[in-house]
Amino acid sequence: NVKRRTDLRMGFFDAAMSFAVTERMTLERSVKDALRSGQFELFYQPQVRLSDYALIGAEALIRWRHPELGIITPDKFIPVAEETGLIVPLGTWVLHQACDQLRRWNDLGLTGLRLGVNISGRQFREADLADIVADCIAESGVSPGDLDLELTESMLMTDGEGTLKLLRSLAKLGVTLSIDDFGTGYSSLAYLKRFPVDTVKIDRAFVRDLDQDEDGRVLVNAIISLAHSLSLKTIAEGVETESQASLLARHGCDEIQGYMIGRPMPVADFAEFAKSYCPRGPEKATVLRAGQ
Ligand code: C2E
Ligand code: MG
Ligand code: MG
Ligand code: MG
């Protein structure tokens, strides 16, 4: 019945979506209204270091808490926001919200956490991104090194010089830069060397294939080796099982994020999670069992 309710909700929203295909204005206006009336919210998904399973950060993931439809995930509205340009004010809101939250965590003694924020293509090309990020940092007073901007490969493939300039001004602010969904985009890797990028986020498609066959492991191993040879850190997305985590650890992956550690959660749940989090991975679990 929970499942059925979800289906109904999705059906309802799909209907709203196809309506919006003919009446794009409708969805555009409701996203605009939702932003104005505070219906957007950030969920936080924990990230841990593979060497000791310490909680080292989180990714901020946007949700639309719709008064009738409940929680709506970003795949339902980010594309429209991107097409209409609403992603620019929405993305600015996300950055401010993320920095304010980081500040509140710091005030509560939850320090040293790195917060990842997704940046959309249009936000990257059109907004004065470096100015906006600088404002967010100044207003919240967070340390810039705690903020990580997640970019995608396609953003880095266009307009060489402009891109380099923007990335340099972002790096100069002291924030770190990640390549999200690594391996799913263009196959040119030249940008990895050329741009001031810090981390590669291995897409969950590769992580899913880890358990399947030898080829899956070969690819993940190649990505990690490539990243490390360029002095980039690696984090794997979509880690759901302990066997995936063990394989990633064996291949030298630095960090993981996924349902195995925790789902994206509302801010109150994340605070609770962080407070009661006890580092324990597959290796440690084995040791504990062995010792009993
Ligand atoms: P992403 O940045 O690659 O985020 C990771 C997605 O994988 C999230 O989906 C997360 O819930 C999901 N995920 C994490 N761990 C697991 C796992 O173990 N198994 C599975 N099956 N899935 C997992 P979500 O939250 O629906 O977000 C989807 C995409 O929407 C994001 O992909 C990102 O591209 C975009 N997005 C989310 N928030 C924002 C935002 O604030 N701004 C922009 N521009 N895009 C956003
Ligand atoms: Mg991301
Ligand atoms: Mg990703
Ligand atoms: Mg992804």
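The values are calculated or read from the model by the stated rules, or taken from the named source; none is laboratory data. Keep in mind that this is a model prediction, so the values were computed, not measured. Using ideal geometry, Cβ is built from the backbone for each residue, glycine included, and neighbour counts are taken over all protein chains shown. Surface accessibility is based on the protein's heavy atoms, side chains included, excluding ligands, DNA and RNA. Shrake-Rupley method; radii C 1.70, N 1.55, O 1.52, S 1.80 Å.
I'm checking my understanding of the structure. Among residues of the range 207-237 that are out of contact with any strand residue (DSSP E or B) (no Cβ under 6 Å at 6 or more places or on another chain) and open to solvent by less than 20 Å² (accessible area, probe 1.4 Å), which one is modelled with the highest pLDDT?
Step one: filter the range 207-237 for residues out of contact with any strand residue (DSSP E or B) (no Cβ under 6 Å at 6 or more places or on another chain), giving 208-222, 225-226, 228-231.
Then drop every residue that is not open to solvent by less than 20 Å² (accessible area, probe 1.4 Å), which leaves 210, 216, 220.
Values: L210: 91, G216: 85, V220: 94.
That would be V220.
For D198, work out the one condition from (1) buried (at least 19 other Cβ atoms within 10 Å of the Cβ); (2) of a type outside the set (F, W, Y); (3) within 16 Å of ligand 2 (Cβ to nearest atom) it doesn't fulfil.
So the condition that D198 fails would be (1).
Look at the range 183-195 and say how many of its residues are surrounded by 15 or more Cβ atoms within 10 Å (Cβ to Cβ), part of a loop (DSSP other than H, G, I, E, B) and away from ligand 3 (no atom under 16 Å from the Cβ).
First pass over the range 183-195, keeping only residues surrounded by 15 or more Cβ atoms within 10 Å (Cβ to Cβ): 183, 185, 191-192, 195.
Then drop every residue that is not part of a loop (DSSP other than H, G, I, E, B), which leaves 183, 185, 195.
So of that shortlist, the ones also away from ligand 3 (no atom under 16 Å from the Cβ) come out as 195.
The qualifying residues number 1.
What pairs come up if the first residue lies in the range 58-78 and is more than 20 Å from L115 (Cα to Cα), the second is in a helix (DSSP H, G or I) and of a type in the set (D, E, K, R), and their beta carbons are under 6 Å apart, counting only those six or more places apart or on different chains?
L69/R9; G70/R9
Taking the range 35-47 only, how many residues are more than 16 Å from ligand 3 (Cβ to nearest atom) and touching a residue at least 60 places away in the same chain (Cβ under 8 Å)? Even if it seems obvious, please write down each step before you answer.
To start, the set of residues in the range 35-47 that are more than 16 Å from ligand 3 (Cβ to nearest atom) comprises 35-41.
Those left that are additionally touching a residue at least 60 places away in the same chain (Cβ under 8 Å): 41.
So the answer is 1.
Is it fair to say R194 is within 16 Å of ligand 4 (Cβ to nearest atom), more than 25 Å from V142 (Cβ to Cβ) and basic (K, R)? Walk me through how you get there before you give the answer.
Numbers: within 16 Å of ligand 4 (Cβ to nearest atom): no; more than 25 Å from V142 (Cβ to Cβ): yes; basic (K, R): yes.
Judged against the criteria, R194 is not a match.
Which numbered condition in (1) surrounded by 14 or more Cβ atoms within 10 Å (Cβ to Cβ); (2) closer than 16 Å to G57 by Cα; (3) away from ligand 1 (no atom under 16 Å from the Cβ) is the only one that L115 fails?
It is condition (3) that L115 fails.
From the set of residues in the range 154-182 that are at pLDDT below 90 and within 12 Å of ligand 1 (Cβ to nearest atom), which is surrounded by the fewest Cβ atoms within 10 Å (Cβ to Cβ)?
Ranking the candidates gives S154 first.
Looking at the range 177-184, can you tell me whether even one residue there is in contact (Cβ under 8 Å) with a residue 24 or more places away in the chain, touching a Phe, Trp or Tyr at 6+ places or on another chain (Cβ under 9 Å) and away from ligand 2 (no atom under 15 Å from the Cβ)?
For the range 177-184, residues in contact (Cβ under 8 Å) with a residue 24 or more places away in the chain, touching a Phe, Trp or Tyr at 6+ places or on another chain (Cβ under 9 Å) and away from ligand 2 (no atom under 15 Å from the Cβ): absent.
Tally time: how many residues in the range 233-249 are away from ligand 2 (no atom under 16 Å from the Cβ), closer than 19 Å to I56 by Cα and not in a helix (DSSP H, G or I)?
Selection size over the range 233-249: 1.
So which pairs qualify, if the first residue must be in the range 99-126 and closer than 19 Å to L42 by Cβ, the second must be assigned to a loop (DSSP other than H, G, I, E, B), the Cβ gap must be under 7 Å, and the two must be at least 6 apart or on different chains?
C99/V142; L102/V142; R103/G141; R103/V142; W105/L113; N106/V142
Name the pairs whose Cβ atoms lie under 8 Å apart, with the first residue in the range 269-281 and over 16 Å from S51 (Cβ atoms), the second of a type in the set (A, V, I, L, M) and open to solvent by 50 Å² or more (accessible area, probe 1.4 Å), and 6 or more positions between them or separate chains?
Final answer for the pair search is A271/L108.
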